[in-house]
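Chemist: This is the structure, below, for whatever I ask next.
The values are calculated or read from the model by the stated rules, or taken from the named source; none is laboratory data. Since we're looking at a predicted model, the values are computed, not measured. Note: ideal-geometry Cβ built from the backbone for every residue, glycine included; neighbour counts use all protein chains shown. We work out accessible area using only protein heavy atoms, side chains counted, and drop any ligands, DNA or RNA first. Shrake-Rupley method; radii C 1.70, N 1.55, O 1.52, S 1.80 Å.
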Amino acid sequence: MNNEMTMTASGVKTAQVMKMVAMAINRPLNVLSLYYGNVLGRKMSIKQTLCLLNAQVAFIMAVFPACSLFLRVLFVVWLVTAVMKCREMLRTSC
């Protein structure tokens with residue numbers, strides 16, 4: 001038996017669509033990375049940008065919503081871990 005795989009026209013279109021979707025998602029992250037880089041005065045990678053974005057969302061969820069005490073505690077734990085991860089990531093990449 002031959003273990004060959006042929007890519008059909010729909011497979012090529014799917015690959016092109018996936019590439020376009022990845023580029024569309026990556027474009028705002030690049031802009032946000034440039035913004036964070038200008039604010040912090042250094043070059044920021046996409047991974048660092050996602051880390052800072054995670055910390056911002058955790059902050060918003062910990063401070064603003066009116067929810068149960070249990071969820072509030074979970075959001076505060078998320079915030080603390082996100083900030084610690086960001087500090088470590090930004091410190092090691094200097």
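Chemist: Could you give the accessible area per residue of the chain, probe 1.4 Å, as a whole number in Å²?
Modeler: It amounts to 80 Å² per residue over the chain.
Chemist: Return a whole-number percent for the relative contact order of the chain, with Cα pairs under 8 Å and 6 or more residues apart as the contact set.
Modeler: Averaging sequence separation for qualifying contacts and normalising by length gives 21 percent for the chain.
Chemist: Still on this structure, I have one more. Could I have the simple spin-label model distance between Arg91 and Met20, label points 7 Å from Cα toward Cβ, reported in nm to one decimal?
Modeler: My value for the distance between the label points is 4.5 nm.
Chemist: Also, I was wondering about something else. Run the accessible area of the chain with a 1.4 Å probe and give the carbon-and-sulfur part as a rounded percent.
Modeler: Here it works out to 70 percent.
Chemist: In square nanometres, what is one fourth of the surface area of the convex hull spanned by the alpha carbons of the chain?
Modeler: Numbers: hull surface 44.1 nm².
Quarter of the Cα hull surface area: 11.0 nm².
Chemist: Name the helices (complete DSSP H segments) of the chain with a Cα length along the long axis of 18 Å or more and a Kyte-Doolittle mean of at least 1.0, or state none. Could the numbers behind the result be given before it?
Modeler: Values: long enough: 9-40 (46 Å, 0.62); 46-63 (25 Å, 1.46); 69-92 (35 Å, 1.27).
Going by DSSP H runs, the hits are 46-63, 69-92.
Chemist: For Lys43, go through the lysines and keep the ones whose alpha-carbon is under 27 Å away, minus same-chain ones fewer than eight residues off.
Modeler: In chain and number order, the partners are Lys19, Lys85.
Chemist: Right, here's the next one. Which order do you get for Met23, Met18 if you rank them by accessible area with a 1.4 Å probe, largest at the top?
Modeler: Descending accessible area places them as Met18, Met23.
Chemist: Suppose only helical runs count, i.e. DSSP H with n ≥ 4. What mean residue ellipticity at 222 nm does that imply for the chain under -39500 (n - 2.57) per run, divided by all residues and rounded to the nearest 500 deg cm²/dmol?
Modeler: -28000 deg cm²/dmol
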